[in-house]
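Contents: one structure, followed by commentary.
The values are calculated or read from the model by the stated rules, or taken from the named source; none is laboratory data. Because the structure is predicted, anything quoted here is derived from the model rather than measured. Quick reminder, even Gly has a Cβ in these numbers, built from the backbone with ideal geometry, and neighbours come from all protein chains shown. Just so you know, the surface numbers come from the protein's heavy atoms only, side chains and all, with ligands and any DNA or RNA stripped out. Shrake-Rupley method; radii C 1.70, N 1.55, O 1.52, S 1.80 Å.
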Amino acid sequence: MGSVRAVQGERDPSPEAEKRRPSGLWTVTVVFLLALPLLLLFFLFGDRAVASIAADYPAWQRFKVQSSGNASSSRRAERGAHDRLLGGLLSPDFDAATCLSRYEASRRWKPSPFPVSPYLIRKLRQYEANHRRCGPGTANYRDAMAQLMSGRNADRAECKYVVWLPLQGLGNRMLSVVSTFLYALLAGRVLLVHEPPEMEGLFCEPFPGTSWVLPPDFPYTDGFSADTKESYVNMLENNIVRYDGGGDAGALPAYVYFHLEQISLRLQNHTFCEEDHRVLGRFNWMVLRSDSYFAVALFLMPVYRGELDRMFPGKASVFHHLGRYLLRPGNRAWGIVERFYDGYLAGGDERLGIQVRIAPFLPITFEVMYEQIARCAREHDLLPQVTGDPGARPASGAAKVKAVLVVSLKPEYYDKLHSVYYTNATATGEVVTVFQPSHDQDQHTEALAHNERALAEIFLLSYSDRLVTTGFSTFGYAAHSLAGLRPWLLLLPDRATMRAEVACVRSASVEPCLHSPPSLVCRAEQDLDPVAHVPFLRPCEDAYFGLKLI
């Protein structure tokens with residue numbers, strides 16, 4: 001019974017116990033006598049005594065104390081004040097519990113290299129107000145749906161809409177929905193997103209007091225392609241619409257389909273010319289399907305240039321700002337992010353993200369790809385070299401920890417890196433820890449759980465200090481653009497030799513690449529070279545035929 005009381009902290013009230021208990025004065029006296037030699041040493045020899053004591057203190061204990069201090073201070077910094085609204089980018093008018101990532105995701109990002117334009121903030125608040133006025137459930141939306149079902153276009157409609165349809169994998173979808181939202185900002189349209197089962201709850205609602213999810217009774221969500229008769233290009237070719245603007249807008253079809261899927265690495269003609277967008281602007285309803293980051297192409301149009309310049313003084317900040325604003329993981333995906341980050345990555349002094357994606361059109365063996373990753377890391381000092389000395393230690397102080405996040409559908413890259421740094425010491429004395437959240441083997445865009453893991457891993461990559469991503473990968477584009485980091489891009493190998501002469505190059509900007517630029521038939525009989533005419537455009541490092549903002 002006595003031992004139980006001792007464990008539970010119960011007090012023995014007997015007089016004998018009171019006699020056995022030392023007095024407070026006696027305790028102070030004992031502590032003082034024990035500390036007296038140290039006090040005398042410090043008084044006589046000052047800092048030299050402290051250095052001598054520190055030298056005799058066991059090294060592993062010093063390491064433990066210092067590491068504990070660093071980790072705790074790092075955690076305190078992460079828990080401290082952060083820019084939860086991202087410089088005004090986000091609206092404060094949300095219940096945080098409905099979307100845990102909305103105000104928490106920024107806690108782990110590095111500070112943005114791009115200030116947010118006050119004009120962009122104003123445009124976002126104006127858009128939010130317009131979406132509340134025109135979104136699902138409003139009288140304006142019901143009127144617009146009645147017009148759509150009548151089979152005729154509305155003349156001078158109160159609200160105009162662009163309906164986004166998903167296409168391809170998660171990376172493509174993130175790039176295309178951000179591009180569509182930018183188009184909605186420029187064209188004065190309300191963005192509505194078709195959310196099939198594999199996307200339900202994947203992203204949080206981005207606009208306060210309303211929804212961006214297309215209601216399930218919307219009739220036009222399937223069967224669209226470049227050959228669809230309602231597509232804008234086919235309407236133009238069949239003289240249903242004309243550049244001269246002739247005819248009553250109310251006599252036009254009820255909606256226009258805008259097809260922006262890359263075909264043979266090219267968007268269709270008549271998609272980014274001013275005269276085409278004047279015609280498109282006459283339609284109340286637009287249905288848009290795309291797998292491309294066509295935001296870049298909007299900068300080719302003089303009619304939008306002034307607005308774009310005011311919204312994005314730093315041209316390479318488009319996806320960085322709009323992606324952070326629009327695409328917040330739903331609570332299930334965010335739970336994966338928090339658990340993995342806090343459990344495996346938060347304690348690192350530096351975080352390196354490595355994203356590996358093998359393009360289906362150019363299958364590369366594991367050995368070739370791993371050699372390229374190792375070459376990139378070695379040439380750019382991204383990972384320390386290993387040594388044959390198993391007992392190597394840092395020259396002074398505690399060892400730094402580098403946490404490496406491997407994101408790939410395959411487990412082999414993690415297995416190899418983990419084995420290298422598990423069985424070998426590093427030449428610098430750094431400790432390298434390697435982690436991989438999942439390895440699904442194959443892409444399953446049709447599965448919600450797969451998409452939630454993929455979205456979580458995009459965000460985990462975006463919390464890196466440095467990034468290596470696979471060229472031509474829209475998944476990698478989304479990650480480094482959200483992070484605001486210029487990655488080292490692993491270049492595609494030569495088809496003949498199946499080896500990349502240059503392992504990786506540093507991207508010129510944080511922006512994604514548009515793999516499929518439009519044909520500028522509106523400017524001349526032959527395509528103009530946009531790079532020669534637009535100073536903030538460059539060919540992509542990983543796709544010479546592509547365009548990117550810098």
Looking only at segment 461-478, and only at residues there that are under 15 Å from Ala508 (Cα atoms) and open to solvent by 10 Å² or more (accessible area, probe 1.4 Å), the one that is modelled with the lowest pLDDT: Phe472
Just give me the residues in segment 270-298 being over 16 Å from Asn239 (Cα atoms) and either aliphatic (A, V, I, L, M) or part of a strand (DSSP E or B) (or both), in sequence order. Trp285, Met286, Val287, Leu288, Arg289, Ser290, Ala295, Val296, Ala297, Leu298
Every residue in segment 346-381 that is of a type outside the set (D, E, K, R) and either on the phi > 0 side of the Ramachandran plot or surrounded by 20 or more Cβ atoms within 10 Å (Cβ to Cβ) (or both), please. Gly348, Leu352, Gly353, Ile354, Gln355, Val356, Met369, Gln372, Ile373, Cys376, Ala377
Could you go through segment 233-245 and let me know if any residue there is part of a loop (DSSP other than H, G, I, E, B) and touching a residue at least 60 places away in the same chain (Cβ under 8 Å). no
So which of Gly343, Gly306 is modelled with pLDDT of 95 or more, open to solvent by 30 Å² or more (accessible area, probe 1.4 Å) and assigned by the TED database to the domain that holds Val213? Gly306
Note: among Ser481, Ser438, Ser507, just one is touching a helix residue (DSSP H, G or I) at 6+ places or on another chain (Cβ under 6 Å), surrounded by 24 or more Cβ atoms within 10 Å (Cβ to Cβ) and of a type in the set (Ser, Thr, Tyr), namely Ser481
I need a count of the residues in segment 468-516 that are over 30 Å from Leu86 (Cα atoms), in contact with a Leu (Cβ under 7 Å, 6 or more places away or on another chain) and β-branched (Val, Ile, Thr). 1
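Residues are listed down the side, and each one gets a yes or a no for (1) crowded, with 16+ Cβ neighbours inside 10 Å; (2) among the aliphatic types (A, V, I, L, M); (3) at pLDDT 95 or above; (4) in contact with a Ser or Thr (Cβ under 7 Å, 6 or more places away or on another chain):
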residue: Ala96; (1), (2), (3), (4): no, yes, no, no
residue: Leu100; (1), (2), (3), (4): yes, yes, yes, no
residue: Ser106; (1), (2), (3), (4): yes, no, no, no
residue: Phe114; (1), (2), (3), (4): yes, no, yes, yes
residue: Glu128; (1), (2), (3), (4): yes, no, yes, yes
residue: Gly137; (1), (2), (3), (4): no, no, yes, no
residue: Leu148; (1), (2), (3), (4): yes, yes, yes, no
residue: Asp155; (1), (2), (3), (4): no, no, no, no
residue: Glu158; (1), (2), (3), (4): no, no, no, no
Looking for something of a type outside the set (A, V, I, L, M, F, W, C) and under 30 Å from Phe475 (Cα atoms) - is there at least one such residue anywhere in segment 149-162? yes
Could you figure out which of (1) closer than 24 Å to Ala297 by Cβ; (2) open to solvent by 30 Å² or more (accessible area, probe 1.4 Å); (3) over 27 Å from the mean Cα position of the chain (by Cα) isn't true of Gly223? (1)
Please indicate, with yes or no, whether at least one residue in segment 400-418 is without any contact (Cβ under 8 Å) to a residue 40 or more places away in the chain, open to solvent by 40 Å² or more (accessible area, probe 1.4 Å) and under 22 Å from Cys204 (Cβ atoms). no
Before we move on, is Tyr414 among the aromatic types (Phe, Trp, Tyr), touching a His at 6+ places or on another chain (Cβ under 8 Å) and not in a loop (DSSP other than H, G, I, E, B)? yes
Keeping to segment 285-297, report how many residues are of a type in the set (A, V, I, L, M, F, W, C) and either open to solvent by 10 Å² or more (accessible area, probe 1.4 Å) or within 12 Å of Pro530 (Cβ to Cβ) (or both). 2
Part of a strand (DSSP E or B), among the aliphatic types (A, V, I, L, M), touching a helix residue (DSSP H, G or I) at 6+ places or on another chain (Cβ under 9 Å) and open to solvent by less than 10 Å² (accessible area, probe 1.4 Å), is that true of Val432? no
Just to be sure I understand the filter: pairs with C-beta atoms under 7 Å, separated by 6 or more residues or on different chains, first member in segment 460-472 and part of a helix (DSSP H, G or I), second member hydroxyl-bearing (Ser, Thr, Tyr) and surrounded by fewer than 24 Cβ atoms within 10 Å (Cβ to Cβ). Which pairs pass? Leu460/Tyr341
Can you name the residue in segment 235-253 that is surrounded by fewer than 18 Cβ atoms within 10 Å (Cβ to Cβ) and touching a Phe, Trp or Tyr at 6+ places or on another chain (Cβ under 9 Å) and is also modelled with the lowest pLDDT among such residues? Ala249
